[in-house]
Amino acid sequence: MSIALRLAALRAQIPAGVTLVAVSKAQPASAIREAYAAGQREFGENYAQEFRAKADLLSDLEDLRWHFIGALQTNKVKLIAGRVAYVHTVDRPELARELSRRLLARGERARVFVEVNVGGESSKEGCAPDEAVGLSEAVRALPALDLVGLMCIPPAGADPRPHFRLLRGLRDRLGLAELSMGMSGDYRQAIEEGATFVRIGTALFGPRPPSGG
Ligand SMILES: *Cc1c(COP(=O)(O)O)cnc(C)c1O
(Lines give C-alpha, C1' and ligand atoms only; values in the text may rest on other atoms or scores of the structure.)
Protein backbone atom coordinates (compact mmCIF):
# COMPACT_ATOMS: atom_id res chain seq x y z
CA MET A 1 0.00 0.00 0.00
CA SER A 2 1.26 3.50 -0.77
CA ILE A 3 2.10 6.07 1.89
CA ALA A 4 -0.79 8.21 0.63
CA LEU A 5 -3.28 5.35 1.12
CA ARG A 6 -1.96 4.48 4.58
CA LEU A 7 -2.11 8.15 5.52
CA ALA A 8 -5.73 8.37 4.41
CA ALA A 9 -6.59 5.22 6.39
CA LEU A 10 -4.92 6.65 9.52
CA ARG A 11 -6.57 10.04 9.10
CA ALA A 12 -9.95 8.32 9.00
CA GLN A 13 -9.27 6.91 12.49
CA ILE A 14 -7.80 10.02 14.08
CA PRO A 15 -10.34 12.52 15.38
CA ALA A 16 -10.10 16.25 14.76
CA GLY A 17 -8.10 17.79 17.58
CA VAL A 18 -5.55 14.95 17.62
CA THR A 19 -2.34 15.80 15.75
CA LEU A 20 -0.71 13.02 13.76
CA VAL A 21 3.08 13.24 13.96
CA ALA A 22 4.55 11.12 11.15
CA VAL A 23 7.64 9.46 12.62
CA SER A 24 10.16 9.36 9.79
CA LYS A 25 13.29 8.07 11.57
CA ALA A 26 15.29 5.74 9.30
CA GLN A 27 13.06 6.64 6.36
CA PRO A 28 14.57 8.43 3.35
CA ALA A 29 13.74 12.02 2.52
CA SER A 30 11.77 10.71 -0.48
CA ALA A 31 9.28 8.99 1.87
CA ILE A 32 8.78 12.27 3.73
CA ARG A 33 8.15 14.04 0.41
CA GLU A 34 5.56 11.42 -0.45
CA ALA A 35 3.70 11.95 2.82
CA TYR A 36 4.01 15.72 2.41
CA ALA A 37 2.55 15.52 -1.10
CA ALA A 38 -0.40 13.65 0.45
CA GLY A 39 -0.98 16.54 2.86
CA GLN A 40 1.02 15.54 5.96
CA ARG A 41 2.86 18.47 7.58
CA GLU A 42 4.03 17.29 11.03
CA PHE A 43 7.06 14.98 11.07
CA GLY A 44 9.01 13.47 13.96
CA GLU A 45 12.68 12.52 14.06
CA ASN A 46 14.72 10.79 16.76
CA TYR A 47 18.39 11.38 16.01
CA ALA A 48 19.89 14.86 15.88
CA GLN A 49 22.36 14.24 13.03
CA GLU A 50 19.88 12.31 10.92
CA PHE A 51 17.35 15.06 11.53
CA ARG A 52 19.75 17.76 10.36
CA ALA A 53 20.68 15.92 7.19
CA LYS A 54 17.01 15.41 6.27
CA ALA A 55 15.93 18.90 7.28
CA ASP A 56 18.57 20.27 4.89
CA LEU A 57 17.38 18.02 2.06
CA LEU A 58 13.78 19.08 2.65
CA SER A 59 14.28 22.78 3.37
CA ASP A 60 12.18 23.67 0.31
CA LEU A 61 9.06 22.32 2.09
CA GLU A 62 8.47 25.54 3.96
CA ASP A 63 5.43 24.68 6.04
CA LEU A 64 6.72 21.28 7.15
CA ARG A 65 6.92 21.23 10.95
CA TRP A 66 9.54 19.15 12.73
CA HIS A 67 9.04 17.44 16.07
CA PHE A 68 12.06 16.09 17.91
CA ILE A 69 10.98 12.89 19.66
CA GLY A 70 14.25 11.09 20.47
CA ALA A 71 16.55 10.86 23.45
CA LEU A 72 18.55 14.07 23.40
CA GLN A 73 22.07 14.55 24.71
CA THR A 74 22.71 18.05 25.95
CA ASN A 75 25.65 18.47 23.54
CA LYS A 76 23.33 17.74 20.56
CA VAL A 77 20.85 20.49 21.41
CA LYS A 78 22.70 22.89 19.13
CA LEU A 79 21.83 20.65 16.15
CA ILE A 80 18.09 21.04 16.66
CA ALA A 81 17.55 24.39 18.41
CA GLY A 82 15.66 26.79 16.17
CA ARG A 83 14.90 24.08 13.61
CA VAL A 84 12.18 22.12 15.37
CA ALA A 85 8.76 23.43 16.38
CA TYR A 86 8.34 20.85 19.17
CA VAL A 87 10.58 18.82 21.46
CA HIS A 88 8.69 15.88 23.00
CA THR A 89 11.55 14.54 25.11
CA VAL A 90 12.54 17.09 27.74
CA ASP A 91 13.34 14.88 30.74
CA ARG A 92 15.85 16.78 32.88
CA PRO A 93 16.51 20.38 33.93
CA GLU A 94 19.95 20.65 32.26
CA LEU A 95 18.46 19.69 28.92
CA ALA A 96 15.67 22.24 29.31
CA ARG A 97 18.13 24.97 30.28
CA GLU A 98 20.45 24.27 27.34
CA LEU A 99 17.53 24.21 24.90
CA SER A 100 16.21 27.52 26.21
CA ARG A 101 19.68 29.09 26.14
CA ARG A 102 20.33 28.06 22.52
CA LEU A 103 16.88 29.21 21.41
CA LEU A 104 17.17 32.53 23.16
CA ALA A 105 20.49 33.21 21.44
CA ARG A 106 18.74 32.70 18.10
CA GLY A 107 15.62 34.67 19.02
CA GLU A 108 13.51 31.54 18.62
CA ARG A 109 11.13 29.51 20.79
CA ALA A 110 10.02 25.88 20.96
CA ARG A 111 7.00 24.07 22.32
CA VAL A 112 8.00 21.28 24.62
CA PHE A 113 6.63 18.21 26.33
CA VAL A 114 8.06 16.80 29.53
CA GLU A 115 8.73 13.09 28.98
CA VAL A 116 7.65 10.86 31.85
CA ASN A 117 8.96 7.33 32.36
CA VAL A 118 5.52 6.02 33.27
CA GLY A 119 6.63 2.40 33.64
CA GLY A 120 9.64 3.20 35.82
CA GLU A 121 11.87 1.28 33.39
CA SER A 122 15.60 1.69 33.94
CA SER A 123 16.17 1.35 30.17
CA LYS A 124 13.91 4.28 29.30
CA GLU A 125 14.38 8.01 29.16
CA GLY A 126 11.95 10.28 30.94
CA CYS A 127 11.68 11.71 34.42
CA ALA A 128 10.07 9.68 37.19
CA PRO A 129 6.34 10.38 37.63
CA ASP A 130 7.02 12.05 40.99
CA GLU A 131 9.52 14.40 39.34
CA ALA A 132 7.12 15.56 36.63
CA VAL A 133 5.65 18.46 38.58
CA GLY A 134 9.03 19.86 39.61
CA LEU A 135 10.52 19.49 36.15
CA SER A 136 7.46 21.10 34.57
CA GLU A 137 7.81 24.08 36.89
CA ALA A 138 11.48 24.41 35.95
CA VAL A 139 10.59 24.30 32.26
CA ARG A 140 7.85 26.88 32.69
CA ALA A 141 10.35 29.27 34.21
CA LEU A 142 12.60 29.20 31.14
CA PRO A 143 12.22 32.12 28.74
CA ALA A 144 12.35 30.38 25.34
CA LEU A 145 10.28 27.28 26.10
CA ASP A 146 6.51 26.93 25.95
CA LEU A 147 5.49 23.92 28.00
CA VAL A 148 2.46 22.37 26.29
CA GLY A 149 2.09 18.92 27.81
CA LEU A 150 3.48 15.53 28.79
CA MET A 151 4.77 12.62 26.71
CA CYS A 152 5.28 8.91 27.42
CA ILE A 153 6.23 5.59 25.88
CA PRO A 154 4.58 2.80 27.93
CA PRO A 155 6.47 -0.44 28.58
CA ALA A 156 6.34 -2.88 25.66
CA GLY A 157 4.20 -5.97 25.95
CA ALA A 158 1.89 -4.71 28.70
CA ASP A 159 -1.52 -3.06 28.64
CA PRO A 160 -0.70 0.60 27.86
CA ARG A 161 -3.93 2.00 29.29
CA PRO A 162 -2.88 2.34 32.96
CA HIS A 163 0.23 4.17 31.76
CA PHE A 164 -1.75 6.49 29.51
CA ARG A 165 -4.08 7.19 32.44
CA LEU A 166 -1.20 7.97 34.76
CA LEU A 167 0.13 10.48 32.24
CA ARG A 168 -3.28 12.03 31.77
CA GLY A 169 -3.72 12.43 35.52
CA LEU A 170 -0.37 14.19 35.82
CA ARG A 171 -1.20 16.40 32.86
CA ASP A 172 -4.51 17.40 34.47
CA ARG A 173 -2.76 18.23 37.75
CA LEU A 174 -0.40 20.50 35.87
CA GLY A 175 -3.20 22.21 33.96
CA LEU A 176 -1.57 21.48 30.61
CA ALA A 177 -3.38 21.03 27.30
CA GLU A 178 -1.51 18.30 25.46
CA LEU A 179 -0.73 14.59 25.78
CA SER A 180 1.81 13.04 23.37
CA MET A 181 1.13 9.31 23.55
CA GLY A 182 0.37 6.46 21.19
CA MET A 183 2.45 4.83 18.46
CA SER A 184 1.60 2.37 15.65
CA GLY A 185 0.69 -0.42 18.05
CA ASP A 186 -1.36 1.51 20.58
CA TYR A 187 -2.60 4.78 19.10
CA ARG A 188 -6.23 3.68 19.25
CA GLN A 189 -6.06 3.11 23.00
CA ALA A 190 -4.06 6.32 23.43
CA ILE A 191 -6.73 8.34 21.64
CA GLU A 192 -9.43 6.76 23.81
CA GLU A 193 -7.38 7.76 26.86
CA GLY A 194 -7.10 11.37 25.76
CA ALA A 195 -4.01 11.66 23.51
CA THR A 196 -3.81 14.94 21.60
CA PHE A 197 -0.62 14.02 19.68
CA VAL A 198 0.01 10.52 18.33
CA ARG A 199 3.45 9.59 16.97
CA ILE A 200 3.12 7.04 14.18
CA GLY A 201 5.95 5.53 12.14
CA THR A 202 5.56 2.02 10.77
CA ALA A 203 1.78 2.15 10.33
CA LEU A 204 2.36 5.04 7.93
CA PHE A 205 5.74 4.41 6.28
CA GLY A 206 5.91 0.64 6.58
CA PRO A 207 8.79 -1.19 8.29
CA ARG A 208 11.89 0.88 8.90
CA PRO A 209 14.85 0.00 6.65
CA PRO A 210 17.70 -1.57 8.66
CA SER A 211 20.11 1.09 9.92
CA GLY A 212 23.52 1.39 8.33
CA GLY A 213 22.34 -0.43 5.22
C1 LIG B 1 9.93 5.24 16.71
C2 LIG B 1 9.08 6.03 17.61
C3 LIG B 1 7.70 6.17 17.37
C4 LIG B 1 6.98 5.48 16.24
O5 LIG B 1 6.98 4.11 16.42
P6 LIG B 1 6.11 3.15 15.46
O7 LIG B 1 5.91 1.94 16.26
O8 LIG B 1 6.94 2.92 14.24
O9 LIG B 1 4.85 3.86 15.15
C10 LIG B 1 6.97 6.98 18.23
N11 LIG B 1 7.54 7.60 19.27
C12 LIG B 1 8.85 7.49 19.53
C13 LIG B 1 9.42 8.21 20.69
C14 LIG B 1 9.65 6.69 18.72
O15 LIG B 1 10.96 6.57 19.02
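The values are calculated or read from the model by the stated rules, or taken from the named source; none is laboratory data. None of the values given here were measured: they were computed from a predicted structure. Every residue, glycine among them, receives a Cβ derived from its backbone with ideal geometry; neighbour counts consider all protein chains shown. All accessible areas refer to the heavy atoms of the entire protein, side chains included, with ligands and DNA or RNA removed. Shrake-Rupley method; radii C 1.70, N 1.55, O 1.52, S 1.80 Å.
General observations
- Only DSSP H runs of four or more residues enter the estimate; each adds -39500 (n - 2.57), and after division by the residues of the chain the mean residue ellipticity at 222 nm equals -10500 deg cm²/dmol.
- On the chain, 51 percent of the accessible area sits on carbon and sulfur atoms, based on a 1.4 Å probe.
- Close amide H partners of residue 89, meaning residues 5 or more places away or on another chain with modelled amide H under 5 Å apart, are 113.
- Charged side chains reduced to their Cβ positions (Lys and Arg at +1, Asp and Glu at -1) give the chain a dipole of some 300 debye around its Cα centre.
- At a probe radius of 1.4 angstrom, the accessible area of region 3-206 per residue rounds to 43 square angstrom.
- For region 16-39 and region 50-109, distance of Cα centres in Å: 18 Å
- Evaluating kT/(6 pi eta Rh) at 10 °C and 1.306 mPa s, with the Kirkwood radius of region 76-213 over Cα pairs in the Stokes-Einstein relation, gives 102 µm² s⁻¹.
- Region 40-113: trypsin sites (Lys or Arg not before Pro) in DSSP coil with no more than 12 other Cβ atoms inside 10 Å: none
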